[in-house]
Amino acid sequence: MRSLAALLLVVGLVACTDDTKEPPSDQHTDNAALQLSLGPGVDELSTEARDQLQNDVGAVLSTYVVDAFLGDYPRQDFVDALGTFTTGVAARAAADLELLTGAGFGSDAEEVTATRLSATISSFAPDEKLVGVSAAVDFAFDVKAGDATTEYTRRGRVMLVPESGTWKIFGYDMTPGGGK
């Protein structure tokens, strides 16, 4: 249930919302919301195409963050995060679970809170046909284990392509930071 609340929180920022509404009282709201910005190549797209791109890629990145890093801890299963990757890269990503998910936070992690989630989306759209996206990401998490809280970061780039009607991650170059 906490994972669902975190997903709703993160996806909520990507969609246009009425800021005057209070979040439901049972919604976990201490995670940072995903901040998206548009980078190079996007200005060549129509306003409608830019909005659609931002919503679609934001939804994929939000799902990835929730499945890969947030949710109930302690936990051992991070495989759901692979659902945001293309079939061709999922096996390589599975071998990098400690880099790409909260598996790298250690087995003693009790609670994970997103403190910074930002992404800048750049597009590759030859002849105004959108064929690929690169997102420069900067994620930070506070990880509580016992009486200690440690910041872990993941920075880098994820590349996305449309696959079966949705955007999927087909490549990544991530760098871990913080921790032990």
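Tabulated data
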quantity: Unmet criterion (only one of (1) touching a helix residue (DSSP H, G or I) at 6+ places or on another chain (Cβ under 8 Å); (2) of a type outside the set (Phe, Trp, Tyr); (3) at pLDDT below 90; (4) not in a loop (DSSP other than H, G, I, E, B)) for residue 58; calculated: (3)
quantity: Residue 114 at pLDDT 95 or above, in contact with a helix residue (DSSP H, G or I) (Cβ under 9 Å, 6 or more places away or on another chain) and closer than 19 Å to residue 178 by Cβ; calculated: yes
quantity: Which numbered condition residue 143 misses (of (1) in contact (Cβ under 8 Å) with a residue 24 or more places away in the chain; (2) part of a strand (DSSP E or B); (3) surrounded by fewer than 18 Cβ atoms within 10 Å (Cβ to Cβ)); calculated: (3)
quantity: Some residue of segment 64-72 being farther than 17 Å from residue 139 by Cα and either surrounded by 12 or more Cβ atoms within 10 Å (Cβ to Cβ) or touching a residue at least 60 places away in the same chain (Cβ under 8 Å) (or both); calculated: yes
quantity: Number of positions in segment 86-111 that are hydroxyl-bearing (Ser, Thr, Tyr) and at pLDDT below 95; calculated: 2
quantity: Identity of the residue in segment 112-140, in contact with a Ser or Thr (Cβ under 9 Å, 6 or more places away or on another chain) and in a loop (DSSP other than H, G, I, E, B), that ends up surrounded by the most Cβ atoms within 10 Å (Cβ to Cβ); calculated: 130
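The values are calculated or read from the model by the stated rules, or taken from the named source; none is laboratory data. The structure displayed is predicted, hence computed values, not measured ones. Reconstructed Cβ throughout: ideal geometry from the backbone, glycine too, with neighbour counts over all protein chains shown.
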